[in-house]
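The values are calculated or read from the model by the stated rules, or taken from the named source; none is laboratory data. Because the structure is predicted, anything quoted here is derived from the model rather than measured. Don't worry about glycine lacking a Cβ; one is built from the backbone with ideal geometry, like all the others, and counts go over all protein chains shown.
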Amino acid sequence: MADRLRMGIDVLDRKLNGGLPAGSVVALCAAPASQAELLLYELTNTRETLYLSFDRDERAVAEGFSRTTARTGDPKVQYMPDDAPFDRAARAIGTIPEEANVVLDPVDVLEAKESSRYRNFLNDLRARVTETDSLAVLHCLDGERPGPLRDSTEHMADAVFRLETEISGDTVSNRLAVPKLRGGRALADTVKLQLTDSVAIDTSRDIA
């Protein structure tokens, strides 16, 4: 049985003492215009992954994977239409094997549904990833109108990863913060990343 599961970003995994506890549900919050998808792509390189897409169809997601130069695995991609998304997603999640990833991208579609149904779904998701020693990542879009149940998502998640993208002059900077880590120690500092066509550590120095 796995104790901790890597996220696929070396410096982040080191800061997390090898990764996240198996059975964790993670909320990855980022602006829609950011390169946060690269973090999801590289996650698929760590282990078998079920990728549930709630807006783009399988072809669009597959094209994204084929175009990237990031390190990726061979995820199983399934499109979740807006009719009965909870039932469809629950059936798919019930098929994940031991020590796998499941990505929900974006979870905003579910956050717009009935609150009690959504909370029950998250509880069932956690039960499944705990049973299989797996890892669930909820991609949360922090746009102008975040999902109405975003507070519930971040409260129920075991870990919250927040990607902040800032444009200043002719530079774009990305910082990843982990302000919440249930059962562990949240990171006191951010991880500065280069997100271009893959994920790399930004070693440039900040100049005041």
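Say we look at the stretch 148-161 and pick out the residues that are in contact (Cβ under 8 Å) with a residue 60 or more places away in the chain and of a type in the set (D, E); which of these is surrounded by the most Cβ atoms within 10 Å (Cβ to Cβ)?
D158
Does the stretch 131-158 hold any residues that are within 24 Å of T72 (Cα to Cα) and out of contact with any helix residue (DSSP H, G or I) (no Cβ under 8 Å at 6 or more places or on another chain), and which are they? So that I can check it myself, show each step before the final result.
Of the residues in the stretch 131-158, the ones within 24 Å of T72 (Cα to Cα) are 132-141.
T132, D133 - these are the residues of the stretch 131-158 that are within 24 Å of T72 (Cα to Cα) and out of contact with any helix residue (DSSP H, G or I) (no Cβ under 8 Å at 6 or more places or on another chain).
Residue-by-condition table, conditions (1) of a type in the set (D, E); (2) out of contact with any Ser or Thr (no Cβ under 8 Å at 6 or more places or on another chain):
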position: G19; (1), (2): no, yes
position: G23; (1), (2): no, no
position: A27; (1), (2): no, no
position: S34; (1), (2): no, no
position: E42; (1), (2): yes, no
position: T46; (1), (2): no, yes
position: D55; (1), (2): yes, yes
position: E63; (1), (2): yes, yes
position: A70; (1), (2): no, no
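Quick test for you: out of E42, E63, E48, pick the one residue that is closer than 19 Å to R175 by Cα and of a type outside the set (A, V, I, L, M, F, W, C). So that I can check it myself, show each step before the final result.
Numbers: E63 fails: closer than 19 Å to R175 by Cα; E48 fails: closer than 19 Å to R175 by Cα.
Selected residue: E42, the only one of E42, E63, E48 that is closer than 19 Å to R175 by Cα and of a type outside the set (A, V, I, L, M, F, W, C).
Please go through (1) more than 24 Å from I167 (Cα to Cα); (2) under 12 Å from the mean Cα position of the chain (by Cα) for A36 and return the number of the only condition it doesn't satisfy.
(1)
Rundown of residues vs (1) surrounded by 11 or more Cβ atoms within 10 Å (Cβ to Cβ); (2) touching a Pro at 6+ places or on another chain (Cβ under 9 Å); (3) within 20 Å of D133 (Cα to Cα), yes/no style:
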{"position": "R67", "(1), (2), (3)": "no, no, no"}
{"position": "G73", "(1), (2), (3)": "yes, no, yes"}
{"position": "K76", "(1), (2), (3)": "yes, no, yes"}
{"position": "I93", "(1), (2), (3)": "yes, no, yes"}
{"position": "I96", "(1), (2), (3)": "yes, no, yes"}
{"position": "N101", "(1), (2), (3)": "yes, yes, yes"}
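Just to verify a result, which residue in the stretch 181-202, among those that are in a strand (DSSP E or B) and among the hydrophobic types (A, V, I, L, M, F, W, C), is surrounded by the fewest Cβ atoms within 10 Å (Cβ to Cβ)? Don't jump to the end; show me each part of the working.
Our first condition is that a residue be in a strand (DSSP E or B); within the stretch 181-202, this holds for 181, 191-195, 199-201.
With among the hydrophobic types (A, V, I, L, M, F, W, C) added as a condition, the list becomes 181, 191, 193, 195, 199-201.
Values: L181: 19, V191: 19, L193: 22, L195: 22, V199: 23, A200: 14, I201: 12.
Looking at the filtered set, the residue picked out is I201.
Within the stretch 91-131, work out how many residues are small (G, A, S) and within 12 Å of L50 (Cβ to Cβ).
Going through the stretch 91-131, the residues small (G, A, S) turn out to be 92, 94, 100, 112, 115-116, 127.
Checking the rest, the ones that are also within 12 Å of L50 (Cβ to Cβ) come to 92, 94, 100.
Qualifying residue count, the stretch 91-131: 3.
Quick check on the stretch 159-168. Is at least one of its residues in contact with a helix residue (DSSP H, G or I) (Cβ under 7 Å, 6 or more places away or on another chain) and under 28 Å from D13 (Cα atoms)?
Within the stretch 159-168, the first condition is being in contact with a helix residue (DSSP H, G or I) (Cβ under 7 Å, 6 or more places away or on another chain), and the residues that meet it are 160.
When the remaining residues are screened for being under 28 Å from D13 (Cα atoms), the result is 160.
Yes, the stretch 159-168 contains a residue that is in contact with a helix residue (DSSP H, G or I) (Cβ under 7 Å, 6 or more places away or on another chain) and under 28 Å from D13 (Cα atoms).
Pick from the stretch 156-180 the residues that are of a type in the set (G, A, S) and assigned to a loop (DSSP other than H, G, I, E, B): which of them is nearest to T190 (Cα to Cα)? Before the answer, list the steps.
Of the residues in the stretch 156-180, the ones of a type in the set (G, A, S) are 157, 159, 168-169, 173, 177.
Subsequent filtering for residues that are assigned to a loop (DSSP other than H, G, I, E, B) retains 157, 169.
Details: A157: 19, G169: 21 Å.
That would be A157.
Which condition number does T153 fail, the rest of (1) under 23 Å from T46 (Cβ atoms); (2) in a loop (DSSP other than H, G, I, E, B); (3) not basic (K, R) being met?
Every listed condition holds for T153 apart from (2).
Starting from the stretch 162-177, keep only residues that are within 10 Å of A31 (Cα to Cα), then list their pairs with residues that are surrounded by fewer than 17 Cβ atoms within 10 Å (Cβ to Cβ) and modelled with pLDDT under 90 whose Cβ atoms are within a distance under 7 Å, requiring at least 6 positions of separation or different chains.
T165/V172
Can you name every residue in the stretch 12-59 that is touching a residue at least 60 places away in the same chain (Cβ under 8 Å), of a type in the set (S, T, N, Q) and either closer than 22 Å to T196 by Cα or assigned to a helix (DSSP H, G or I) (or both)?
S34, Q35
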